[in-house]
Amino acid sequence: MGNNKFEFRFAEEKDSKTILGFIEALADYEKMLDEVIATEELLREWIFEKKKAEVIFALEDGKEVGFALFFHNFSTFLGRAGIYLEDLFVLPEHRGKGYGKGLLSQLAKIAEERGCGRLEWACLDWNQPSIDFYLSLEAAQMDEWTTYRLAGDTLKKMAEY
């Protein structure tokens, strides 16, 4: 099944600038643009050379209008890899056309093809439009889990422990 009217493609190394543009647009939407330190060179290195993440684009008339950046995680309980969706973003002027659902459908298809046990992601608590969208797709909200993070100085401090 799936919607054939949409086109999707995997990003290539030459798309690093486009990926950065989507990351910056998403960060701006989340009021976190000042936190973006990614560069085209970093994205090229980590996505395409080190192969630590993948990106798919949603296309409208051959133009990128949405993106999803994802990578594999692992579930010890399931004994298999899963897909973690780091970012999903559709340009505001292209929302409401089904691109977000289409990108999630593509990720679900990739997860199935690769034998993954699940597809998961996080969403900001205040982002009610996205929360409502995910719930409409019957995604389970993991209320009993809280995300923790070590970064910057706290990461360095832990590494020196």
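Read the figures in this text as sums done on the coordinates, not as results from a lab. These numbers come from a predicted model, not from an experiment. Backbone-built Cβ (ideal geometry, glycine too); neighbour counts: all protein chains shown.
Descriptive notes on the structure:
- Residue among 61, 125 that alone is touching a helix residue (DSSP H, G or I) at 6+ places or on another chain (Cβ under 9 Å) and surrounded by fewer than 15 Cβ atoms within 10 Å (Cβ to Cβ): 125
- Taking residues in region 93-109 that are farther than 23 Å from residue 81 by Cβ and touching a residue at least 24 places away in the same chain (Cβ under 8 Å), and partners anywhere that are aliphatic (A, V, I, L, M) and loosely packed, with under 15 Cβ neighbours inside 10 Å, the pairs with Cβ atoms closer than 8 Å and at least 6 places apart or on different chains are 101/137.
- Test result for residue 114, free of Cβ contacts under 8 Å to residues at least 12 places away in the same chain and within 24 Å of residue 19 (Cβ to Cβ): no
- Residue satisfying condition, being among the aliphatic types (A, V, I, L, M), within 18 Å of residue 15 (Cβ to Cβ) and surrounded by 13 or more Cβ atoms within 10 Å (Cβ to Cβ), within set 56, 131: 56
- Remark: pairs (first residue in region 17-36, within 16 Å of residue 90 (Cα to Cα); second residue outside any helix (DSSP H, G or I) and among the acidic types (Asp, Glu); Cβ separation under 6 Å; 6+ apart in sequence or on different chains) = 18/64; 26/87.
- Residue within region 77-89 that is in contact (Cβ under 8 Å) with a residue 12 or more places away in the chain, assigned to a helix (DSSP H, G or I) and more than 16 Å from the chain's Cα centre (by Cα) present: no
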